[in-house]
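Participant: Mind having a look at this structure? Questions to follow.
The values are calculated or read from the model by the stated rules, or taken from the named source; none is laboratory data. Since the model is a prediction, treat every value here as computed from it, not as a measurement. Cβ placement follows ideal geometry from the backbone for every residue including glycine, while neighbour counts extend to all protein chains displayed.
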Amino acid sequence: MHQTHKAIGILGGTFDPIHLGHLRMAIELYESLDLAKVHIMPCFQPVHRKLPTATPQHRLAMVQCAIASEPALYADDREIRRQGPSYMIDTLLQMREEMPTTPLCLLLGIDAFLGFPSWHRWRDILNHAHLIVAHRPQYHLPSTGIIADLLKENLQHEYGFIHENPAGGILLRPITALEISATDIRKQIAMGRNPRYLLPDGVYDYIKQHGIYSISRI
Ligand code: ATP
């Protein structure tokens, strides 16, 4: 089926806080896959992990601040507006109503992809989106099991596939390795250390202004 719209990327996460690892992944995949946009989508309530430290409103504000001057990236607040547990399948179904034939690409780090079979209605997700898996050092793909089977069935080697089909492919892509983690940034701030250059200056200023990850809150 030939698509008339360029593929859109979706980078979901807690973004507690957003950092340069997330932003480089978004911009590098935007460029290398020729995406129309990448939607950075903070969840309201994560389903597979403990509740974030910062409120949804603060996490969204930090995303908006991080990407304000970058037209390739879009702060998508739909999961925060929807509230409740942020199931990706619900998000994709909602996007599908708005964009019935536009290819949608979920951008995931390998760590997130390894947990994909535990996601709610994960097989159905592939009916509505492609998965773009970004390499991260220290994470390896298994050669047996559900993930290996999934790759055997769906792995694509040409990125043209994601523009020509609305969903169903899996692509593995290299990105610049930046082993930055939000957990580590929160810990550094709580310990009074300086996390500059791991995240955009504006985001760090926002965190300081609102006292978000001070020791009493972490
Ligand atoms: P935390 O440390 O709180 O678990 P995190 O930094 O891993 O947070 P998330 O919001 O959980 O960030 O991640 C959202 C997405 O970004 C996931 O797909 C994850 O694999 C990816 N990601 C996180 N950190 C990096 C990084 N440094 N480089 C590339 N991708 C990343």
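Participant: If residue 108 meets every condition in (1) in a loop (DSSP other than H, G, I, E, B); (2) within 13 Å of the ligand (Cβ to nearest atom) apart from one, which number is that one?
Facilitator: (1)
Participant: Being in contact with a strand residue (DSSP E or B) (Cβ under 6 Å, 6 or more places away or on another chain) and surrounded by fewer than 17 Cβ atoms within 10 Å (Cβ to Cβ) is true for just one of 171, 141, 155, 178. Which residue is that?
Facilitator: 155
Participant: Here's a follow-up. Assuming residue 162 fulfils every condition listed in (1) of a type in the set (A, V, I, L, M, F, W, C); (2) within 14 Å of the ligand (Cβ to nearest atom); (3) more than 16 Å from the chain's Cα centre (by Cα) apart from one, which condition is it?
Facilitator: (2)
Participant: So the check is Cβ under 8 Å with 6+ separation or different chains; which pairs have a first residue in the range 178-190 that's in contact (Cβ under 8 Å) with a residue 40 or more places away in the chain and a second one that's part of a helix (DSSP H, G or I)?
Facilitator: Qualifying pairs under 8 Å: 178/20; 178/21; 178/24; 179/21; 180/20; 180/21; 181/21.
Participant: Something else about it: Can you tell me which residue in the range 166-199 is modelled with the lowest pLDDT, limited to those that are within 16 Å of the ligand (Cβ to nearest atom) and closer than 22 Å to residue 155 by Cβ?
Facilitator: By that ranking, first place goes to 177.
Participant: Let me confirm something: among 7, 36, 26, which residue is more than 14 Å from the chain's Cα centre (by Cα) and either closer than 25 Å to residue 205 by Cβ or crowded, with 20+ Cβ neighbours inside 10 Å (or both)?
Facilitator: 7
Participant: Within the range 132-143, take every residue that is out of contact with any Phe, Trp or Tyr (no Cβ under 7 Å at 6 or more places or on another chain) and at pLDDT 95 or above and give me the one that is farthest from residue 88 (Cα to Cα).
Facilitator: 134
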